[in-house]
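Rule-based calculations on the coordinates, nothing more; no lab input. Everything quoted here is computed from the prediction, not taken from an experiment. All Cβ positions, even for glycine, are placed from backbone atoms using ideal geometry, and neighbour counts span all protein chains on display.
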Amino acid sequence: MNNQELELNIGWLYPRLMSTYGDRGNVIVIEKRTQWRGYKVNIIPLDQSATADDIRGVDIIVGGGAQDRQQEIVMRDLQGAKADALRDKIENSTPGVFTCGSPQLLGHYYEPGVGQRIQGLGILDLVSIHPGENTCRCIGNLVIEVTASRLAQDLKEMLGGATPYLVGFENHGGRTKLGKTEALGRVVYGLGNNGEDSTEGAFYQNAIATYSHGPLLPKNPFVADWLIQTALRLKYDQPISLTSLDDTLAMQGREAMLQRLNVSITPAVVRA
Ligand code: GLN
């Protein structure tokens, strides 16, 4: 099969309600990097008008951040067959990237600073609690080392043996505590899940959950490639090797930010 015959459907959860801090950039990066390799790509908005079958038909899922009020509206809609479809997709290893408000909804619950507890889908074993309006939000640049074992291994390979660090920006009031779900990484700079235990995000099956906006993928394009490659391999059940792209500018952006934050790491090299 040549590339033009392969196609990816990117499911974008509630684009109008969940895309704070430029999280739509994650969708654009996946779309462009898929197209630049000559694959077909469709963006499927998974909003209130979407059906459970629409959710079942996607190959990659992207969920952005949201304000507490929007999270409540989303969870009123994401019930029954739609909730089951999303749960099945994640359990069956559909790759996805979920930022900030989205992982809070994939966990057991999110307790806002004001108002009622929002019951989540319980796919990720984690809970998130906003300690109240008088507590500082966790805001600022964020650097993590990916420690989730399988993902760390894959990314390291894609980076020519370098340790995978992710650069981003966090802005959240909620503090997340992980249960059995593995952390995505270890905080190198910033606060991460709760500012206490040095964990950041979560990794489950092929779902990447993170507090990192930025949005995440433009600054860490190798993660987008991991999502694309994983999705194509799962969908077409054949080995897929993505062609290299020129990521010089993105990598320079990362380096500039790391220098500014005075974080010294092994320089990341994109596949030769
Ligand atoms: N409302 C959540 C919080 O403040 C999520 C915010 C976000 O997605 N940026 O923790």
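Seen from LEU46, the other residues with C-beta closer than 12 Å to its C-beta sum to a net charge of 0, counting Lys and Arg as +1 and Asp and Glu as -1.
Of the peptides 134-141, 13-20, how do they stack up when ordered by the mean number of other Cβ atoms within 10 Å, highest first? Display every interim value, and only then the final one.
Working: 134-141: 12.6, 13-20: 20.9.
Answer by packing, highest mean first, reads 13-20, 134-141.
If the cut-off is 25 Å between C-alpha atoms, which lysines fall inside it for LYS89, apart from same-chain ones fewer than 8 positions away? By straight Cα distance, LYS89 reaches LYS32, LYS40, LYS177, LYS180, LYS235.
Peptides 148-157, 118-127, 89-98, ordered by how many other C-beta atoms sit within 10 Å of their residues on average, highest first, read 89-98, 118-127, 148-157.
Find, to one decimal place in angstroms, the Kirkwood hydrodynamic radius of segment 70-197, where the mean of 1/r is taken over every pair of different Cα atoms and then inverted.
Computed over segment 70-197, the radius equals 15.8 Å.
222 nm [θ] for the chain, helices only, -39500 (n - 2.57) per DSSP H run of 4+, per residue, to 500?
Details: 9 runs with 88 residues, N = 272.
The helix-only estimate for the chain comes to -9500 deg cm²/dmol at 222 nm.
Less than 5 angstrom separates the built amide H of ASN42 from those of LEU8, ASN9, ILE10, all sequence-distant by 5 or more or on a different chain.
Considering every Cα-Cα pair within segment 38-96, what fraction, in whole percent, is farther apart than 12 Å?
Working: 1193 of 1711 pairs.
Tail of P(r) above 12 Å: 70 percent of Cα pairs.
If you take all other residues with their beta carbon under 13 Å from the beta carbon of THR181, and give Lys and Arg +1 and Asp and Glu -1, the sum is -2.
For the options TRP36, TRP12, TRP226, a Gaussian network treatment of the chain with springs between C-alpha atoms closer than 10 Å singles out TRP36 as fluctuating the most. A P(r) calculated from all alpha carbon pairs of segment 1-105, with 5 Å bins opening at zero, reads 2, 13, 24, 24, 19, 10, 4, 2, 0, 0 percent. Note on LEU234 and ILE265: their simple-model spin labels are 2.4 nm apart, each label 7 Å out from Cα toward Cβ. Going by how many other Cβ atoms sit within 10 Å of their own, how do LEU242, LEU166 line up, fewest first? Ascending number of Cβ neighbours within 10 Å: LEU242, LEU166.
Any number yet on Rg/Rh for segment 190-270, C-alpha, Kirkwood? Intermediate results must be reported in sequence, preceding the final value.
Working: Rg = 15.0 Å, Rh = 14.8 Å.
Computed over Cα atoms, the ratio is 1.01.
Each Cα pair of segment 131-204 feeds into the Kirkwood radius, which the Stokes-Einstein equation turns, at 20 °C and 1.002 mPa s, into a diffusion coefficient of 167 µm²/s.
Principal semi-axes of the equivalent ellipsoid, √(5λ) from the alpha carbon gyration tensor of segment 120-272, are 27, 20, 12 Å from largest down.
Scale the Cα Rg of the chain by the rule-of-thumb value 2.2 N^0.38 Å and send over the ratio, two decimals. Provide the component values of the computation, followed by the final result.
Working: Rg = 17.5 Å, N = 272, 2.2 N^0.38 = 18.5 Å.
Rg over 2.2 N^0.38 Å, computed on Cα atoms: 0.95.
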